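These notes are about the structure you will find just below.
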Amino acid sequence: MGIFIFAISGALLAVRKNLDVFGMWMLAEVTGLGGGVLRDLIIGAVPPAAFTDLGYFLTPFAATVLVFFLHPEVERINRAVMVMDAAGLGLFCVTGTTKAHDHGLGLTFSAALGVATAVGGGVIRDVLAQEVPSLLRWDRDLYAVPALVGATIVAVLLHFHALTPFGSGCAAVAAFVLRLLAMRYGWRAPRAWHRRSTAREAQNPV
Amino acid sequence: MGIFIFAISGALLAVRKNLDVFGMWMLAEVTGLGGGVLRDLIIGAVPPAAFTDLGYFLTPFAATVLVFFLHPEVERINRAVMVMDAAGLGLFCVTGTTKAHDHGLGLTFSAALGVATAVGGGVIRDVLAQEVPSLLRWDRDLYAVPALVGATIVAVLLHFHALTPFGSGCAAVAAFVLRLLAMRYGWRAPRAWHRRSTAREAQNPV
Amino acid sequence: MGIFIFAISGALLAVRKNLDVFGMWMLAEVTGLGGGVLRDLIIGAVPPAAFTDLGYFLTPFAATVLVFFLHPEVERINRAVMVMDAAGLGLFCVTGTTKAHDHGLGLTFSAALGVATAVGGGVIRDVLAQEVPSLLRWDRDLYAVPALVGATIVAVLLHFHALTPFGSGCAAVAAFVLRLLAMRYGWRAPRAWHRRSTAREAQNPV
């Protein structure tokens, strides 16, 4: 599910950037699978799951077909896509953290890789489409923080050997709800203190 | 051979972007070797062939020297470079698919990695030089499709345990000819249907 | 030490690009650790050292906190930061070359990975922040060359089985001093010969 939604966001960006159908497909693949592939390379689980399970590979293809034929409709239900994206974020940060820990990484690193799994695909998508990753921009609602909270909850549960499916679900829901709240109320992270560059900023708002 | 041609395309882009001679060299290396390194990391063949065979490593260096001293001449024979690039594309998609299959990947994934080997270096080159990868742009002639066709032929032959050197050659030639035809007749891939964004598109053609 | 300085350069770029505090943190992490992670992936040392040693992981966090609260002060001591960056460059190209050789790579490749370790983080930083990597630009002082010299000295010493801590130190100091001299006297690398594009260049100086 998460892969499908992430892939849709990749294909939609491709439409916006005026790319052709193969560009759509490739952005869908890297957005949906990029975070997981990055995690698997780092923990040494090669070949990555995305290259051994046909379902993973075909899901972005389905997302591309959907967006190709129906993209005005998909854009119109943008709110629904954003909500599902938040759900995918919650799911990925939990599974990423758990998988990294299963491969013997420490808790801090497992949480870091959980966040990387959740946000990595979107970063690769933005880099390929020549945009400053929306993850990094201050004028976007919080995205990394909900993933960080979800991954941290899982890491804490792992520390106390108390990770149950129920606990995992709670962590995913926490990240999901936090992301929804950030979108609803426009929560943003602060920038550095004492910036003297207000003039430059006004002229050149990234 | 393929590496040499790809490396030349990297060094030429570096000249166009006004980079210095080390920028030329580095772009030549990543363009020539990037696709193969990416494939080797994913299939777990570390260290990648590019880091164990001195010939692979020195080829982009030779390409850089050639472009450094003779780049107006190299630009002038642009047509010949494009033809050789098509040959490299055909070769890489076949060897990439075969190598991935040798490492135990499924047929679909082998074909995907064959395409990644063929186009990966060019994508990394464009990202480093701050361009939207020409692979993804709708206003460029087909590039991924010929690689996809070549890789698919190899995968089908592998499925029937019928991959001979002759079959591999045919697949490479098919990709090569298809790419030449795409260049000759300006074949392009379609963009998404029902785009409402014609106005925006005219103002901002990527 | 090197990681801390590199991370500061990442966080400072994030401030300049107007990113929020999480963007600062992430740029700090990839700048400080990216080169080493890339090297470890290529030599097959997974999980990378950056994901097993908590000190590596927390250092960029400390750099982010420092820049967040004190960035005008950090900008003011820019010269000191540049000097320390040169020291980090010298250190990284030596340790990168040595570690790659310990994992059985040939001398040429070890030197190449030493350079990649030293400059990789900065390249990833610039790609994420949507800038042409300063490493590649002709209008910046030499950066790759000092790393190349340091890595080559180490490789030559390894070839003669004469790598002592003293020799390593000399190589690091050589790279460090060369980088300082390049900054002091504005040494730059040449661009390709016979460029006919002077007009285009003046209009569009990258």
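Answer with yes or no whether B:Glu75 is open to solvent by 10 Å² or more (accessible area, probe 1.4 Å), on the phi < 0 side of the Ramachandran plot, acidic (Asp, Glu) and touching a Pro at 6+ places or on another chain (Cβ under 9 Å).
It is false that B:Glu75 is open to solvent by 10 Å² or more (accessible area, probe 1.4 Å), on the phi < 0 side of the Ramachandran plot, acidic (Asp, Glu) and touching a Pro at 6+ places or on another chain (Cβ under 9 Å).
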Checklist entry - List the pairs whose first member sits in the stretch A:113-137 and is under 17 Å from A:Leu148 (Cβ atoms) and more than 9 Å from chain C (Cβ to nearest Cβ), whose second member is among the β-branched types (Val, Ile, Thr) and assigned to a helix (DSSP H, G or I), and whose Cβ atoms are under 6 Å apart, counting only residues at least 6 apart or on separate chains? => result A:Gly114/A:Thr97; A:Gly121/A:Thr31
Checklist outcome for this item: Taking the stretch A:41-72 and keeping only residues that are more than 16 Å from A:Phe4 (Cβ to Cβ) and without any contact (Cβ under 8 Å) to a residue 40 or more places away in the chain, one is left with A:Leu41, A:Val46, A:Pro47, A:Pro48, A:Phe51, A:Thr52, A:Pro72
Item to check | Pick from the stretch C:38-67, criterion open to solvent by 40 Å² or more (accessible area, probe 1.4 Å) and of a type in the set (Phe, Trp, Tyr), ranking: modelled with the highest pLDDT | outcome: C:Phe61
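Among the residues of the stretch A:17-45, count how many are charged (D, E, K, R) and within 23 Å of C:Val37 (Cβ to Cβ).
Total satisfying the criteria: 3.
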Next on the checklist: Looking at B:Ala28, B:Ala50, can you tell me which residue is within 12 Å of another protein chain (Cβ to nearest Cβ), touching a Pro at 6+ places or on another chain (Cβ under 6 Å) and closer than 25 Å to C:Leu135 by Cα?
Outcome noted: B:Ala28
Item to check | the stretch A:95-112: number of residues that are over 12 Å from the mean Cα position of the chain (by Cα) and open to solvent by less than 30 Å² (accessible area, probe 1.4 Å) | outcome: 7
Item to check | Checklist (1) open to solvent by 50 Å² or more (accessible area, probe 1.4 Å); (2) at pLDDT 80 or above; (3) of a type in the set (A, V, I, L, M, F, W, C) applied to C:Ala199, failing item | outcome: (2)
Checklist outcome for this item: When the stretch A:1-20 is checked residue by residue, the ones that are part of a helix (DSSP H, G or I), more than 10 Å from every other protein chain (Cβ to nearest Cβ) and of a type in the set (A, V, I, L, M, F, W, C) are A:Ile3, A:Phe4, A:Ile5, A:Phe6, A:Ala7, A:Ile8, A:Leu13
Checklist entry - Residues of the stretch C:113-150 being open to solvent by 10 Å² or more (accessible area, probe 1.4 Å) and more than 13 Å from the chain's Cα centre (by Cα), which ones? => result C:Val127, C:Leu128, C:Gln130, C:Glu131, C:Val132, C:Arg137, C:Trp138, C:Asp139, C:Arg140, C:Asp141, C:Val149
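The values are calculated or read from the model by the stated rules, or taken from the named source; none is laboratory data. The model shown is predicted, which means the values in this text are computed figures rather than measured ones. Backbone-built Cβ (ideal geometry, glycine too); neighbour counts: all protein chains shown. Areas reflect the complete protein model, heavy atoms only, side chains present, ligands, DNA and RNA absent. Shrake-Rupley method; radii C 1.70, N 1.55, O 1.52, S 1.80 Å.
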